[in-house]
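The values are calculated or read from the model by the stated rules, or taken from the named source; none is laboratory data. The model shown is predicted, which means the values in this text are computed figures rather than measured ones. When we count neighbours, we look across all protein chains shown, and the Cβ atoms used for this are built from the backbone with ideal geometry, even at glycine.
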Amino acid sequence: MTVAPVIATLPVPAEPVARREELRAELLAGADWEGAFGPELGVGDVLWDAWGDALRTAGLAREAFAAVVQGYRREIWFWILGDRVWDQVATGLAGRLQRRLPSA
């Protein structure tokens with residue numbers, strides 16, 4: 001049996017309100033989300049700044065992190081539109097990242 005490395009907690013970073021407003025304005029104006037904001041959908045830097053050291057130590061590379069963010073795009077979209085609160089999105093993404101850590 002393999003056991004995934006455990007990260008005790010990934011703290012929820014402060015909500016990037018200005019970034020959310022920028023994303024919303026651009027996307028509602030028709031911008032291509034990934035094309036305009038990259039594979040981390042415009043929120044990766046905020047989250048990687050908060051969690052990157054712990055994730056890297058647990059064996060998750062930035063590219064794998066970006067793939068997890070991509071897979072969570074629907075929830076991020078709901079946050080951008082105001083249908084989700086930041087704590088829900090960040091906590092859910094933290095759990096998804098925890099479940100995708102490489103096996104020890």
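Could you identify the single residue in R74, R96 that is in contact with a Phe, Trp or Tyr (Cβ under 8 Å, 6 or more places away or on another chain) and not small (G, A, S)?
One residue alone meets the criteria, R96.
Of all positions in region 84-104, at least one carries a residue that is over 11 Å from the mean Cα position of the chain (by Cα), outside any helix (DSSP H, G or I) and modelled with pLDDT of 95 or more. Within region 18-56, restricting attention to residues that are under 22 Å from P102 (Cβ atoms) and without any contact (Cβ under 8 Å) to a residue 24 or more places away in the chain, the residue that is surrounded by the most Cβ atoms within 10 Å (Cβ to Cβ) is W48. Applying the set (1) of a type in the set (A, V, I, L, M); (2) in contact with a helix residue (DSSP H, G or I) (Cβ under 9 Å, 6 or more places away or on another chain); (3) at negative phi to A29 leaves exactly one unmet item: (2).
Okay, residues lined up against (1) of a type in the set (D, E, K, R); (2) in contact with an Asp or Glu (Cβ under 8 Å, 6 or more places away or on another chain):
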residue	(1), (2)
E26	yes, no
G42	no, yes
W51	no, no
L60	no, no
